[in-house]
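The values are calculated or read from the model by the stated rules, or taken from the named source; none is laboratory data. What you see is a predicted model, and the numbers here were worked out from it, not measured in a lab. Methodologically, a virtual Cβ is constructed for each residue, glycine included, from the backbone with ideal geometry; neighbour enumeration extends over all protein chains shown.
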Amino acid sequence: MPSQVLKYLCLGLWMSIAPAYAEEDAPPIDAPAEEAAPEPPALPRVQLDPAQVKVRALERELKDLYFIDIGETEILEKAAALYLPANRPQARAGVLLLHDDEQSLVWPQVIDPLRQRLPDYGFATLALMLPSMEGRPIPERTLGAVELLSRLPASALEAEQPTEETPTEEDGAPAGPEETNIEGAEDALDTAGQEPLAPDDTEQASTEPQTPKKKPYVERIHAHLQAGLQELQSRGHDFKVLIAYGGQGLSLLKFLEEVPAHYPLILVDIRETQQPLAVDIVGILEQQKRPILDIYFMPDTLDEVMAKARADAYRRAGNFLARQHPLVGEPLAGSLKANERIVQRVRGWLSVLLKEYPKIAQGQLPAQPKVGTRLGSLVHLD
C-alpha cells in the first residue's frame with residue numbers, strides 16, 4: 001500500500017514539472033522576429049598623396065631627413081629636405097636641387113649624385129621634396145555591394161512574385177493584373193532610386209567642419225621654391241645656385257622673375273611634361289642675362305631641335321654667360337657614366353664661372369664678356 005501511494009505521488013510531481021520544461025523549450029507565440037542588423041555605412045575612399053608615401057619610406061632610411069615649413073598656407077604643409085654642408089671651411093655657394101615629378105630628393109638619376117658629390121668641391125646642397133601632381137580624384141563610395149531588388153519595399157517584391165493562389169497567364173488568367181504588378185514594381189524602382197531629401201544646408205554647414213583644400217599645384221611648387229631659397233639663406237648662403245631636372249625646369253622658368261638675376265641656373269634635360277604650366281621656354285630665355293648651363297641628351301632628335309631653339313634664344317638675348325652641353329651617346333641619365341659626366345660638367349662650369357667672374361657671387365653681373373674666358377661661347381667644354 002505505501003508503495004502505491006509513493007508511485008502516484010511521483011507521477012503527480014512529474015506531471016506538475018513537465019509543463020514548465022515544455023514552456024521553456026517552446027518559443028513564445030507572440031515573440032517578435034529578430035531585427036536584422038543595420039548595414040554598416042560605406043567606407044570613404046582615401047586617395048594617397050604619392051609625395052607623402054615617399055616621405056614615409058625615406059623617414060625609415062635617412063636619419064638626416066628633416067622638414068621645413070612651406071609658406072603661409074591654409075593647411076600646415078611641410079616639405080622633407082636633405083642638407084649637406086660643403087666640405088671646406090667656407091662654402092662657395094648653396095645649391096638648391098629640384099627633382100622631376102614622380103621622383104624624390106634621393107633620386108639616383110642626376111639628383112642624388114649631385115647632392116652627394118658637389119660638397120666635395122665646396123658647394124653645399126639642399127635637396128627639397130616637391131609635391132606630386134594631383135591625379136584624377138577617386139569617386140566616393142555611395143552604397144555597398146547590395147542588389148537593387150533588396151532595396152525594394154516588401155509590398156513591391158510580393159506583388160512582383162506570383163503566389164500559389166494567384167492564377168498565372170498559363171492558367172488562363174487575364175494579363176491585366178500582371179501588367180499592373182509590373183507597373184507597380186517599376187514605380188517602386190523609381191522610388192528606390194531617388195535620393196532622400198537633403199537636410200538644410202545651414203544645419204549641415206554648422207555641424208560638419210569645413211576641411212581646407214590644398215592650393216593648386218602651381219602655387220604649391222612656387223611655395224616650395226621660395227621655402228628652399230629661404231632655408232639656404234638661413235644657413236648663411238647668400239649666393240645660391242638652382243638646379244632643375246626634367247620637367248621641374250619649367251617650374252623654375254615660370255618663377256624666374258622672383259629669383260635674383262645673378263643666381264646661376266642649371267637645366268638638366270629640360271622637357272615638356274604633363275605639368276599644368278603654360279611656359280614659353282624660348283620667350284623666357286630670350287629675356288635672361290643670368291648664367292645658364294643647359295645640359296641635354298643626344299641623339300634624341302626632338303631634344304636636339306629644342307636645344308637648337310634654346311641656343312638661338314640665348315644668342316638673341318646676348319647672354320654670353322649661357323652654355324649648352326650635349327651628352328652625346330648618353331640617352332639615359334641613369335647610367336653611371338652619364339651621372340659622372342653631369343657632376344663633372346656642373347662642377348667645372350661653376351668653378352670657371354666664379355673664377356672668371358667673381359663679382360657674380362656678390363650680386364654683380366658683368367656687362368660684357370671677359371677677353372679669353374672659356375665662358376664666352378655657346379660651344380660646350382670638352
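State which residue is farthest from Gln344 (Cα to Cα) when the search covers only segment 288-331 and only residues that are at pLDDT below 85 and crowded, with 19+ Cβ neighbours inside 10 Å.
Checking each candidate, the answer is Phe297.
Quickly run through segment 266-287 and pick out the residues that are outside any loop (DSSP other than H, G, I, E, B) and surrounded by fewer than 22 Cβ atoms within 10 Å (Cβ to Cβ). Before you say what the answer is, go through the steps one by one.
Narrowing segment 266-287 to residues outside any loop (DSSP other than H, G, I, E, B): 266-268, 281-285.
Residues satisfying the conditions are Ile281, Val282, Gly283, Ile284.
Being out of contact with any Lys or Arg (no Cβ under 6 Å at 6 or more places or on another chain), in a loop (DSSP other than H, G, I, E, B) and either among the aromatic types (Phe, Trp, Tyr) or at pLDDT 80 or above (or both), is that true of even one residue in segment 214-234?
no
Scan segment 274-287 residue by residue and report those that are in contact with a helix residue (DSSP H, G or I) (Cβ under 7 Å, 6 or more places away or on another chain) and at pLDDT below 80.
Correct list: Gln275, Pro276, Leu277.
With respect to Ile266, determine if the residue is modelled with pLDDT under 90, within 22 Å of Val106 (Cβ to Cβ) and of a type in the set (A, V, I, L, M).
No; evaluated as a whole, the condition is false for this residue.
Give me the pairs, please: first residue somewhere in segment 213-240 and at negative phi, second residue anywhere and modelled with pLDDT under 90 and part of a helix (DSSP H, G or I), beta-carbon distance under 6 Å, and either six or more positions apart or on two chains.
Ile221/Ser251
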